[in-house]
Every structure is written in C-alpha cells, then in structure tokens.
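Enquirer: Before anything else, here's the structure in question.
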Amino acid sequence: SHGAGGTIMQALIKDFIVRHLGGSGCEVPLEALDDSAVIEDIVLKSDSHTVKPLFFPGGDIGRMAISGTVNDIAVMGADPLALAAGFILEEGLPISDFERIVASMEMTCREAGVYVVTGDTKVVEKGALDKFVINTSGIGKRSEALDSNIEVVKKYRQFNSRWLLDSNIREGDKILVSGTVGDHGIAILSFRDGYGFETEVKSDVAPLNKVVRKILQVGGIVKIKDPTRGGLSNTL
C-alpha cells in the first residue's frame with residue numbers, strides 16, 4: 001500500500017520524506033508534491049520504475065520509464081530536453097530481455113524527441129530484486145506556448161501561477177479525460193494473471209509531450225495530469 005500511489009503512499013511521502021528533505025526554496029519545491037520541481041525555469045524530475053511482468057501488451061518497463069519522466073515534465077508546461085537512466089539488474093536476467101528493453105527505450109526516446117545522455121548500471125545478486133528496476137531522471141525548460149496558454153486562462157478567471165500546478169485548480173474548472181480509461185492497468189493485470197479476454201487489451205503508455213505542446217497552443221489549461229499508480233480515481 002505504501003507504494004501504490006494512493007493516500008497511504010502520500011502520507012508516507014509527507015510524514016517522512018518531505019519532513020526531512022523539503023524546504024529548498026525553489027520555485028516549485030519538493031513539498032509542493034507536484035509532478036516535477038522547478039528551479040529558475042528549469043524543470044527537474046526523477047522516477048523509479050518496476051512492473052511485473054517486464055513486458056506486457058502495448059509496452060514494457062523501458063517504454064514506461066521514458067514515458068513517465070517525459071510526461072511528468074511536459075504536464076508542468078515544459079519541453080523535455082534530456083534524460084538520465086539508472087539500471088539495477090538482477091543476476092540471471094537474460095541479456096536478450098535487457099537489450100529488448102533498452103531498444104524499446106531508444107524507440108520511445110525517438111518518439112518523444114529526447115535522448116538519454118548519462119546514467120548508471122548495477123547488478124545485484126539473484127533474489128535481491130525482481131529482475132529489473134529502472135530510474136529515469138529528466139530536465140526540461142519552460143515551453144514557449146505556456147505564456148500564451150496562461151493569457152487565455154486569464155480571460156476566464158483570475159490566474160497568478162507561472163506553471164501548470166495541482167494548486168491551480170479551482171471550483172468550476174472543467175475536467176477533460178482523453179482516450180480510454182484503465183487500459184494500462186487492465187493490460188498488465190490480464191497478462192500477469194492470464195485472464196481470458198476475447199480481445200487483447202493493450203496499454204496506452206506513451207510519451208505525451210508533443211500532445212501537451214499542441215494543447216498549450218490552443219490555451220486555457222490550468223493543469224494537466226498523466227494518471228499513473230492509483231489510476232484515474234487517485235488523480236481526481
């Protein structure tokens with residue numbers, strides 16, 4: 001429960017992590033508990049990824065890792081610039097699986113228009129973790145479309161923020177849900193547990209930075225969220 005993305009995990013972060021590591025004073029700090037931090041118009045994000053199984057219909061842990069970090073930067077109103085990747089491998093992981101995952105990361109990076117520029121690799125003894133854990137960190141810069149988006153917002157209501165923050169949301173704002181709901185979770189659960197669906201449900205995991213840029217060009221957005229652990233209900 002402490003890792004599931006819900007209220008118990010939020011309490012863990014607030015009571016133990018933020019209490020000791022917060023207080024930086026940057027524009028969007030750790031204690032804001034938003035999608036990314038902001039330091040002098042540079043957006044910074046770090047994510048760790050684990051999933052079982054490593055491969056599932058529509059994606060894998062590599063595609064999930066790249067997409068997750070790219071999206072958390074984009075939904076703040078920034079363009080992702082570069083990524084770092086840290087690999088922790090369990091002894092005995094087939095090298096063919098490792099290459100398949102890294103190749104998937106490369107393809108997802110090309111899709112997003114970003115690159116992995118630095119990283120780290122470690123191997124731990126068998127049984128120390130479940131096959132493969134990936135940490136991806138990324139930096140981005142303020143999108144040129146963000147200011148014009150904010151100007152549109154100001155035509156409809158008072159708005160003082162320079163970024164797309166959770167705290168921007170006000171009563172009366174409209175919530176739009178794009179695409180279908182629950183595909184990612186169902187894809188993983190069905191593949192993991194072998195449910196006999198007549199139609200294969202595929203994960204919709206994908207980098208959304210180019211979509212976000214187009215949305216900002218239309219304008220009127222106060223916040224964007226990419227549902228991850230906890231799904232739509234936790235996002236709402």
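Enquirer: Identify all residues within the range 131-142 that are within 19 Å of residue 48 (Cα to Cα) and either within 21 Å of the chain's Cα centre (by Cα) or open to solvent by less than 60 Å² (accessible area, probe 1.4 Å) (or both); write none if there are none.
Expert: Answer for the range 131-142, where residues must be within 19 Å of residue 48 (Cα to Cα) and either within 21 Å of the chain's Cα centre (by Cα) or open to solvent by less than 60 Å² (accessible area, probe 1.4 Å) (or both): 132, 133, 134, 135, 136, 137, 138, 139, 140.
Enquirer: Give the residues of the range 97-108 that are free of Cβ contacts under 8 Å to residues at least 60 places away in the same chain and surrounded by 18 or more Cβ atoms within 10 Å (Cβ to Cβ), sorted by residue number.
Expert: Of everything in the range 97-108, those that are free of Cβ contacts under 8 Å to residues at least 60 places away in the same chain and surrounded by 18 or more Cβ atoms within 10 Å (Cβ to Cβ) turn out to be 101, 104, 105.
Enquirer: Here is a list: 66, 61. Which entry is of a type outside the set (Asp, Glu), within 16 Å of residue 135 (Cα to Cα), touching a Phe, Trp or Tyr at 6+ places or on another chain (Cβ under 9 Å) and crowded, with 22+ Cβ neighbours inside 10 Å?
Expert: 61
Enquirer: Further question on the same structure: Taking the range 116-129 only, how many residues are part of a loop (DSSP other than H, G, I, E, B) and loosely packed, with under 12 Cβ neighbours inside 10 Å?
Expert: Count: 4.
Enquirer: Here's a check for you: in the range 143-168, which residue that is of a type in the set (A, V, I, L, M) and more than 18 Å from residue 81 (Cβ to Cβ) is nearest to the chain's Cα centre (by Cα)?
Expert: 165
Enquirer: Scanning the range 29-43 for residues that are out of contact with any helix residue (DSSP H, G or I) (no Cβ under 8 Å at 6 or more places or on another chain) and at pLDDT 85 or above, which turns out farthest from residue 228 (Cα to Cα)?
Expert: Here the residue is 40.
Enquirer: Filter the range 32-58 for residues that are open to solvent by 80 Å² or more (accessible area, probe 1.4 Å) and without any contact (Cβ under 8 Å) to a residue 24 or more places away in the chain and give the result.
Expert: 39, 40
Enquirer: Quick check: anything in the range 203-212 more than 30 Å from residue 1 (Cα to Cα) and basic (Lys, Arg)?
Expert: Scanning the range 203-212 turns up at least one residue that is more than 30 Å from residue 1 (Cα to Cα) and basic (Lys, Arg).
Enquirer: Collect the residues in the range 1-31 that are open to solvent by 70 Å² or more (accessible area, probe 1.4 Å) and touching a strand residue (DSSP E or B) at 6+ places or on another chain (Cβ under 7 Å), keeping them in residue-number order.
Expert: Within the range 1-31, 27, 30 qualify.
Enquirer: Here is a further query. Taking the range 72-96, which residues are of a type outside the set (Val, Ile, Thr), within 23 Å of the chain's Cα centre (by Cα) and surrounded by fewer than 24 Cβ atoms within 10 Å (Cβ to Cβ)?
Expert: Within the range 72-96, 79, 81, 82, 84, 85, 86, 87, 89 meet the criteria.
Enquirer: Could you check, for the range 169-189, whether at least one of its residues is modelled with pLDDT of 95 or more, of a type outside the set (A, V, I, L, M, F, W, C) and under 15 Å from the mean Cα position of the chain (by Cα)?
Expert: No.
The values are calculated or read from the model by the stated rules, or taken from the named source; none is laboratory data. This structure is a prediction, so every number in the text was calculated from the model and none was measured. Here the Cβ is made from the backbone with ideal geometry for all residues, glycine too, and neighbour counts use every protein chain on show. Only protein heavy atoms, including side chains, enter the accessible area calculation; ligands, DNA and RNA are left aside. Shrake-Rupley method; radii C 1.70, N 1.55, O 1.52, S 1.80 Å.
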